[in-house]
Amino acid sequence: MRTVSKVKRKQSAQDRIFDFFNIAFLTVFALMCIYPFYYIFINSISSNLLVQRGRIVFLPQQIHFGNYLDVFQMPGLSRAVLVSVARTVVGTIISLLSSMVLGYAMSRQELWHRKFWYRFLVVTMYFSAGLIPGYLNINRLGLMNTFWVYVLPSLVGPYNMILVKTYVESIPPSLEESAFMDGAGYLKRLIYIIVPLSKPILATLAVFGAVGHWNSYMDTVLYTSGTKLQTLQSILYQYLNSSRMLADMIKNGGDLSAAGMMAQTNIQSARHTITMVTIIPILLVYPFFQRYFTKGIMIGAVKG
Amino acid sequence: MGAIHLLIKRKKLKPGVKLFLGILPFILAYVIFCYLPLTGWSYAFYDYRPGRQLTDCEFVGLRYFTNMFENPVSRRELLRVMTNTVAMSAMGLMTSFLPMFFAIMLNEVRHRKYRKFVQTVTTIPNFISWILVFAIASAMFSVESGALNVLLKELGIIDQGLNILGTSKHAWLFMLLLGLWKGLGWSSVIYMSSLSGIDQELYEAASVDGASRFQRIRYITIPGLMPTFVTLFIMGIGNFLNMGMDQYYVFSNAFNKEKIEVLSLYTYNVGLAGNNISRGTAIGMMQSAIALVLLFASNMLSGKIREEKVF
């Protein structure tokens with residue numbers, strides 16, 4: 001008995017040291033993840049002049065919301081918000097429609113040459129024509145500089161299709177057959193029986209699909225030009241770069257006139273503010289879609 | 001459409017065929033967006049000039065492929081880009097054990113609410129775009145008013161702000177750290193879920209035998225997570241060259257381009273930004289070919305190690 005208690009005491013001392021370093025490390029990393037968001041937020045609502053001097057570190061000072069009003073006056077920003085929202089909504093719906101229909105059909109044994117078509121879809125995960133052939137293809141299809149270039153490629157989503165198929169296969173066949181007896185066609189069965197039963201997987205795919213669309217940026221770079229189809233992400237990037245350019249200009253040209261400084265301070269605050277506008281939707285849905293994490297990892301993990 | 005309708009009615013198609021006709025539009029989307037682009041590979045064999053028809057351009061055979069290696073300038077470029085790609089990919093693979101350790105550390109926190117808090121907070125960066133990461137990095141590290149430089153100047157450690165974003169020095173490391181910041185929490189989620197699959201009786205039995213906490217981690221937790229780690233590692237090998245270009249596109253500038261340009265970004269810079277479609281396509285094809293070899297290799301490896309192929 002004595003030895004056991006000795007071991008236990010020794011353990012707990014070691015344990016406490018372990019716990020201390022463990023929690024210390026995790027806390028530091030957690031702060032590293034959260035502080036930048038907080039920093040940008042307090043900088044977006046503090047006095048622009050203090051922001052320019054890098055004075056806002058822990059708490060906001062001279063709080064004002066003028067920057068938020070200002071950025072929405074900026075040419076193109078409201079439109080960009082609209083484009084971002086539209087592509088997110090339409091793109092997510094299109095992607096859900098495709099993966100639901102295909103996933104359901106692939107779960108049906110009687111589908112004409114099911115095995116072949118399943119492989120035909122799944123194999124697209126393993127090859128890609130590449131960046132430039134993809135670009136040429138979009139060009140040839142006449143999708144350049146159209147809204148469709150944002151949303152139509154979402155029709156392709158082999159991972160999602162597999163997830164839906166696996167999910168539908170777990171639904172007891174008797175549920176579907178009872179409707180079959182009543183002579184309902186595939187479409188009716190899909191809409192009235194399968195879709196309601198597949199809500200959990202559809203919600204997962206919707207949430208991840210929406211975040212993907214909101215964050216998407218390369219398609220704007222590759223397939224659009226001009227301001228008509230700019231998204232929030234591309235406006236933000238443009239602004240981040242232009243402010244750096246301006247800062248360099250002022251630095252190199254030595255133009256430290258009041259007007260130049262003014263422009264710079266406002267650009268910096270505007271930068272923080274647009275960043276916030278772009279992040280806020282993600283942060284708002286975040287608590288909601290945490291529920292789907294465990295299902296979501298399947299999206300990354302499922303292969304074939 | 002009417003004719004098809006009539007056909008279906010008259011011939012009384014089997015249900016399986018009917019179903020197929022129903023999903024045909026969606027299958028066509030895969031053809032259009034995945035298979036059709038493959039025809040674009042033909043551009044690598046012509047001397048394509050924008051604005052012209054491909055058939056009006058000169059057929060050059062493998063010239064763009066051989067040029068890549070024979071022309072000393074482009075060979076040097078390619079070598080540099082490959083070095084960047086391989087180095088950053090390898091660094092990513094070498095640090096791929098970190099999410100597993102992070103999950104173990106998180107698992108050792110007894111306070112449930114705190115554990116949940118850390119997990120929630122560290123997962124957020126995964127869901128923001130690289131543009132937003134760039135915005136955050138600019139806010140943190142910019143020379144004049146970035147939080148880090150202000151802090152260091154305040155403490156008197158430096159007089160001149162560090163230009164972290166605008167230097168090729170340690171660019172690989174910086175990219176790696178950004179990737180870890182963004183992905184560590186999220187990548188650990190999969191390990192968190194495999195942790196719950198480890199038989200709790202093993203821990204109890206180990207405690208009875210007097211195993212210390214480290215011993216339990218060493219002999220139960222880590223072996224329990226190994227299959228997940230090996231699977232992900234092998235997949236990582238398969239995707240060795242397929243680094244998304246977002247991160248590198250967003251962070252590259254005139255100063256760090258040397259070190260940051262990876263293969264996919266190089267393809268973009270040559271083919272689209274540099275308007276040399278044929279050469280860009282050739283580089284992309286070479287990348288695809290190597291990627292395919294790696295994919296098969298990783299799949300074979302997976303077959304050997306886990307006796308289960310990924311596809």
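The values are calculated or read from the model by the stated rules, or taken from the named source; none is laboratory data. All figures in this text were calculated on a predicted structure; none of them were measured in a lab. All Cβ positions, glycine included, derive from the backbone under ideal geometry; neighbour counts span all protein chains shown. Surface areas here come from the heavy atoms of the whole protein model, side chains and all, with no ligands, DNA or RNA. Shrake-Rupley method; radii C 1.70, N 1.55, O 1.52, S 1.80 Å.
See the values below:
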read-out	value
Residues of the range A:132-151 satisfying the condition of being hydrophobic (A, V, I, L, M, F, W, C), open to solvent by 50 Å² or more (accessible area, probe 1.4 Å) and within 12 Å of chain B (Cβ to nearest Cβ)	A:Leu141, A:Trp148
Any hit, the range B:114-135, residues being within 30 Å of A:Pro281 (Cα to Cα) and loosely packed, with under 15 Cβ neighbours inside 10 Å	yes
Count - residues of the range B:148-173 that are crowded, with 20+ Cβ neighbours inside 10 Å and part of a helix (DSSP H, G or I)	2
Residue match in the range B:31-41 (condition: open to solvent by 50 Å² or more (accessible area, probe 1.4 Å), farther than 30 Å from B:Tyr203 by Cα, touching a strand residue (DSSP E or B) at 6+ places or on another chain (Cβ under 9 Å) and not assigned by TED's automatic domain parsing to the domain that holds B:Met175)	no
Residue match in the range A:169-184 (condition: touching a Phe, Trp or Tyr at 6+ places or on another chain (Cβ under 7 Å) and in contact (Cβ under 8 Å) with a residue 60 or more places away in the chain)	no
Residue identified as touching a helix residue (DSSP H, G or I) at 6+ places or on another chain (Cβ under 8 Å), more than 26 Å from B:Gly280 (Cβ to Cβ), in a helix (DSSP H, G or I) and touching a residue at least 24 places away in the same chain (Cβ under 8 Å) among A:Tyr159, A:Tyr150, A:Tyr135	A:Tyr159
Matching helices (runs of 4 or more DSSP H) fully within the range B:174-256 where at least 3 residues are assigned by TED's automatic domain parsing to the domain that holds B:Leu106 and closer than 30 Å to B:Asn163 by Cα	B:246-251
Residues satisfying the stated conditions in the range B:92-133, i.e. among the polar types (S, T, N, Q), more than 7 Å from chain A (Cβ to nearest Cβ) and part of a helix (DSSP H, G or I)	B:Asn107, B:Gln119, B:Thr123, B:Asn126
Per-region count, the range A:80-121, residues surrounded by fewer than 17 Cβ atoms within 10 Å (Cβ to Cβ) and part of a helix (DSSP H, G or I)	10
The range B:263-284, residues that are more than 7 Å from chain A (Cβ to nearest Cβ) and either of a type outside the set (Lys, Arg) or not in a helix (DSSP H, G or I) (or both)	B:Leu263, B:Leu265, B:Tyr266, B:Asn269, B:Val270, B:Ala273, B:Gly274, B:Asn275, B:Asn276, B:Ser278, B:Ala282, B:Ile283
Counted residues, the range B:225-262 - those being open to solvent by less than 30 Å² (accessible area, probe 1.4 Å) and away from chain A (no Cβ under 13 Å)	4
Hey, A:Val71 under 22 Å from B:Ile136 (Cβ atoms), in a helix (DSSP H, G or I) and either open to solvent by 70 Å² or more (accessible area, probe 1.4 Å) or more than 9 Å from chain B (Cβ to nearest Cβ) (or both) or not	yes
Tabulated pairs, the range A:12-40, first more than 8 Å from chain B (Cβ to nearest Cβ), second in a helix (DSSP H, G or I), C-beta under 9 angstrom, 6+ apart or interchain	A:Leu31/B:Val121; A:Tyr35/B:Met140; A:Tyr35/B:Ala147
